[in-house]
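J.: Questions regarding the structure given below will be posed in turn.
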Amino acid sequence: MIEKGTLIIISGPSGSGKGTVVEKLINTASYALSISATTRHPRDYEKEGVHYFFKSVDEFKEMIENNKLLEWAEFCGNYYGTPKEYVMGKLNEGKNVILEIEVQGAARVKKIFPEAVTVFLIPPDKEELRKRLTGRGTEDSETIEKRIQRASEEIELLPNYDYVVINDEIENAVERINCIVKASKFESHRYIEKIKDFK
Ligand code: 5GP
């Protein structure tokens, strides 16, 4: 029997560097990355099916109604959701699957999959967060302010996560997450079946 893969949920405020860390992670080890659906407009560099599946609000609502999403949430005026079929398929193949999602979605998935490993990524400090958000030049100033406000609300939820990783240097953050995933393979709940052999 194939051992099921681990579901790894990575959250963190806008500007925590999640996108870059996740991109590096999938290059360093064999992870399957879930591509979300969103109603947000694509940024210049974003490609359909690579960064997101870009949907109209009606298309997104149809996905909800047809039970195609594992979870979904509204974030700063747009909808975001995780396509269910891909995630379930990869986990059943024994692949470790990464979901890069915000805090409400993360809480919903953790409820359905208590064994999922949740990681909260944070920038070293508030100044760095603001610098990263304004420096990337992908959002207008109103959106940046909304995201900074949202970031301070999201950080309050840090204690709900299993692990916290400070993204001071990308390589460090990637290594820390790889260590967490390796250690998670030895969590005691994975051995409940095994102990039956010892009885
Ligand atoms: P962005 O617009 O910067 O790409 O993403 C905004 C927020 O939505 C980020 O915190 C990102 O992690 C989150 N997000 C992306 N995809 C999903 C998803 O499928 N579900 C949920 N709940 N959040 C998502």
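The values are calculated or read from the model by the stated rules, or taken from the named source; none is laboratory data. Bear in mind that the values here come from a model prediction, so they are computed numbers and not experimental data. Neighbour counts run over all protein chains shown; Cβ positions are idealised from the backbone, glycine included.
J.: Name the residues in the range 1-25 that are assigned to a helix (DSSP H, G or I) and touching a helix residue (DSSP H, G or I) at 6+ places or on another chain (Cβ under 7 Å), would you?
T.: Result: Thr20, Val21, Lys24, Leu25.
J.: Follow-up question, since we're still on this one. Can you find a residue in the range 104-113 that is touching a Gly at 6+ places or on another chain (Cβ under 6 Å) and buried (at least 19 other Cβ atoms within 10 Å of the Cβ)? Before you say what the answer is, go through the steps one by one.
T.: At the first step, the residues of the range 104-113 found to be touching a Gly at 6+ places or on another chain (Cβ under 6 Å) are none.
No; the residues of the range 104-113 include none that is touching a Gly at 6+ places or on another chain (Cβ under 6 Å) and buried (at least 19 other Cβ atoms within 10 Å of the Cβ).
J.: Would you pick out the residues in the range 148-162 that are out of contact with any strand residue (DSSP E or B) (no Cβ under 6 Å at 6 or more places or on another chain) and in a helix (DSSP H, G or I)? Can you show your working first?
T.: Step one: list which residues in the range 148-162 are out of contact with any strand residue (DSSP E or B) (no Cβ under 6 Å at 6 or more places or on another chain), which gives 148-157, 159-160.
Ile148, Gln149, Arg150, Ala151, Ser152, Glu153, Glu154, Ile155, Pro159, Asn160, listed by residue number.
J.: Show the residue pairs meeting these rules: Cβ distance below 6 Å; 6+ apart or different chains; first residue within the range 173-199 and more than 16 Å from Ser30 (Cα to Cα); second residue among the hydrophobic types (A, V, I, L, M, F, W, C).
T.: From the range 173-199, the pairs are Ala173/Val21; Ala173/Val165.
J.: Same structure, new question: In contact with a His (Cβ under 9 Å, 6 or more places away or on another chain) and either farther than 24 Å from Asp140 by Cβ or at pLDDT below 95 (or both), is that true of Arg108?
T.: Considered against the rule, which asks whether it is in contact with a His (Cβ under 9 Å, 6 or more places away or on another chain) and either farther than 24 Å from Asp140 by Cβ or at pLDDT below 95 (or both), Arg108 comes out as no.
J.: Of the residues in the range 175-190, how many are over 22 Å from the mean Cα position of the chain (by Cα) and surrounded by 11 or more Cβ atoms within 10 Å (Cβ to Cβ)?
T.: 1
J.: Taking the range 104-120 as the region of interest, how many residues are touching a helix residue (DSSP H, G or I) at 6+ places or on another chain (Cβ under 6 Å), outside any loop (DSSP other than H, G, I, E, B) and not β-branched (Val, Ile, Thr)?
T.: So the count comes out to 1.
J.: Still on this model: From the list Val165, Val174, which residue is away from the ligand (no atom under 14 Å from the Cβ), touching a helix residue (DSSP H, G or I) at 6+ places or on another chain (Cβ under 9 Å) and part of a strand (DSSP E or B)?
T.: Only one candidate qualifies: Val165.
J.: Please enumerate the residues belonging to the range 23-51 that are within 9 Å of the ligand (Cβ to nearest atom) and among the aliphatic types (A, V, I, L, M).
T.: Ile35, Ala37
J.: Say we look at the range 130-147 and pick out the residues that are more than 13 Å from the ligand (Cβ to nearest atom) and part of a helix (DSSP H, G or I); which of these is surrounded by the most Cβ atoms within 10 Å (Cβ to Cβ)?
T.: Arg130
J.: Report whether or not Ala73 is within 10 Å of the ligand (Cβ to nearest atom), small (Gly, Ala, Ser) and in contact (Cβ under 8 Å) with a residue 60 or more places away in the chain.
T.: Criteria not met by Ala73.
J.: Go through Gly81, Gly89 for me and flag whichever is part of a strand (DSSP E or B) and free of Cβ contacts under 8 Å to residues at least 60 places away in the same chain.
T.: Selected residue: Gly81, the only one of Gly81, Gly89 that is part of a strand (DSSP E or B) and free of Cβ contacts under 8 Å to residues at least 60 places away in the same chain.
J.: With respect to Thr6, is the statement that it is of a type outside the set (A, V, I, L, M, F, W, C), touching a strand residue (DSSP E or B) at 6+ places or on another chain (Cβ under 7 Å), more than 12 Å from the ligand (Cβ to nearest atom) and on the phi < 0 side of the Ramachandran plot true?
T.: Answer is yes for this residue.
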